[in-house]
1. Kindly work out what percent of the DSSP beta bridges joining two residues of the stretch 430-579 are antiparallel, to the nearest 5.
2. Report, by chain and number, residues whose modeled amide H sits under 5 Å from the one on residue 713, excluding near sequence neighbours (fewer than 5 apart, same chain).
3. Give, as a single signed number, the net charge of other residues whose beta carbon lies under 9 Å from the beta carbon of residue 455, with Lys and Arg counted +1 and Asp and Glu -1.
4. Just how far, in whole angstrom, is the stretch 559-594 from the stretch 11-70 if you go by their alpha carbon centroids?
5. How much of the DSSP bridge set in the chain is antiparallel, in percent, rounded to the nearest 5?
6. Relative contact order of the chain: what whole-number percent is it, with Cα pairs under 8 angstrom and at least 6 residues apart?
7. Sticking with the crude label model, points 7 Å out along Cα→Cβ, report the distance from residue 137 to residue 365 in nm, one decimal please.
8. Given that compact globular proteins tend to follow 2.2 N^0.38 Å, what is the ratio of the alpha-carbon Rg of the stretch 262-410 to that value?
Amino acid sequence: MTVDDATLERIALSRAEYERLVDLLDREPNGLELGMAAALWSEHCGYKHTRPLFRHFPTTGPSVLTEAGAENAGAIDLGDGWCAVFKMESHNHPSAIEPYEGAATGVGGILRDIFAMGMRPVALLDSLRFGPLDEPRNRHLFSGVVAGIGGYGNCVGVPTVGGEVQFDPAYGGNPLVNAMCLGVGRVEHLLSASARGPGNPLVLVGADTGRDGIHGATFASVELDDASEERRPAVQVGNPFMEKLLLEACVELAEQHGDWVEGLQDLGAAGLTSSSVEAAARAGTGIEIDVARVPRREAGMTPDEVMLSESQERMLVIPKREHLDDVLALFRRWELHADVIGEVTDDGYATIREGETLAARIPVNVLTDPPQYELDCERPADLDRRQAVDLAALPDCDDPAAALIALLGSPNIASRRWIYRQYDHEVLTGTVVPPGGDAALIWLKGTERALAVATDCNGRLVELEPRAGAACAVAEAARNVVAVGATPVAVTDCLNFGNPERPTIAYQIEQSILGLADACRAFGTPVVSGNASLYNETPAGAVLPTPTVGMLGLLDDVARRLTPAISEGDEVLLIGAPLAQPAQALAGSEYLASRHDLVAGVPAIDLDREGRVQRLVLDANARGLLSAAHDCADGGLAVALAECCLAGGVGLDASGAVLGDRLDAALFGEAQSRFVVATPDAETRAALETLAAEAGVDAVALGVATGAGEDARLRLGPLDASLAALREAYEGGLPRALGSGA
């Protein structure tokens, strides 16, 4: 067949890639074969520009149960026969076109990644980025995405327990919607997404197949433009009640009848094509599918449409032949359609038929061998200029209380209560530290342990210095986990960048991956799963480089959990750095951006010091020295202390604190490797100071938590603000930005 440029552009395949496909096949592909190859060779499925860099990641460790990228999610051995599986995915482009369904189906997809491995999902998190809320379209996208996440997760009955959101003009045309899911179960119940055993049937379970989501994988692999609204059919439509039935049926299958099946795979990007072909590739087998046997909800669908549909709430099950009837009966008992649509073969081909008519026959290894590109990197020309800005030449803060109130009310720092009150974060009754703190904490039922989960990334820091900024993302995610008392154990990531074919974007990607790898090696947290989302770009430009990190931590004794809430009489300390900070601590900070409309400076992190600080906090908590802890990050020390006071409903008298020559840097600088902690009394504080000295870590006593009530105040050096004013700014920030008054 002759393929014109318009067809190739529609399926996001270059002419050179098409010629490569012809060479591999030694013939021209037919229409279905071309569509299948384009989907699996898309950036979204094939990671053409990032996979060569994944070699930098540490991916193994004594507790890692899965090979990175080999299964739907990464699995970590928790001991005593328990394991945790977790992963993060993106649904950026669909959410830009249809925010509610884009976000909802993103949640549905990440849930299926977890229960496809036989594990029960126990927690959802979301990492979100939008343009400024003073623009109506951004308010529409933000509200729609939050509603979609809550609507789907609440209906399925999995708690949404944490996450983050940031606002920046760079995300105005292309929001980022990343969803993370954590599942738990017994190690012996882990299932693989492999099509093993030639002659075993392929069973399609769940929703009927429609035309929604066709070419969704290729849509996610191109830049958004003025014509993107026309791609609305590429946005899937979800049914969370169907998902709940699938979840329960798959978990029952794994927990009670795992010996009935050889494999279980969800249908996500590229639908039947990716699920069946990738399952065959994992097992070194082939597959044969008769599309005429696929249940449909629309008449007249072609083989291409059936194979590439991304209709939601569908799973591919590979039962053992002798247990086919058992498996069909189990799913039908859950009132789910379950139909045999083909079988596993031993010839290494993906063979697609429509009844007796051959529709496609293509080697599995061709479909799963997309081209890999070495990035052509070029350091952005303006980085040196932005890094060389003399921050010490900026005027210092002249009204610290007003500056703190302004920061607490800004959308990037204000309370996220408006978001998480729309989520059911207590369903399943395992959430012991809810949203609103550093990390969420989920009780591992039947044990004394708990799992901590957090997501983090500051795109401004990554833009200013990609390698250091990405390392900071890992460090902050780890600090958030440590702040609830848990030890960081493993990472998932979602690499959100612009067009990798642009050398400056390629530079951001390469350096960010190196930075993530540096930090993960330093902290002993292997990268066990993840996702790359590129081409997050509009004619106005690319998003900020946003390599989002999802961190998993383990707390051996849930009774040792920490929160940011300080109590009256607590002795409060800054751990990890002196109080006085140079102007350079303002690099990439929220204060610098909001007060001076400036993103400049050089982000920096000492990974060895970061590790020592984190270990000190964990050691101090294990010894019973801490009554509260909080990561010091966005907004700096003053914001961290305000959040601790607001969480506990008490004031703090640190009026004697000596803040050095730069008031703004000491109060609002965002230097890394710092915690605010509290001890119950002066004697315990002294023990902590001794422990810190032995570890070579700064520990600065700030003051004592004072009484609650209307007269409560936060005093920090010359800063003096009432808790009531701080609370009004903090709690009202997002509603004011949205104009809701809620």
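No value in this document is a laboratory result; all are computed from the given coordinates. Since this is a predicted model, take the numbers as computed values, not measurements. Heads up, the Cβs are rebuilt from the backbone with ideal geometry, glycines too, and the neighbour counts pull from every protein chain shown.
1. Antiparallel bridges make up about 80 percent of those DSSP assigns within the stretch 430-579.
2. Residues meeting the criterion, in which the H sits 1.01 Å from N, are 651, 652, 723.
3. Local net charge: -3.
4. If you average the Cα positions of each part, the centres end up 44 Å apart.
5. 80 percent
6. 15 percent
7. Calculated label separation equals 4.7 nm.
8. 1.81
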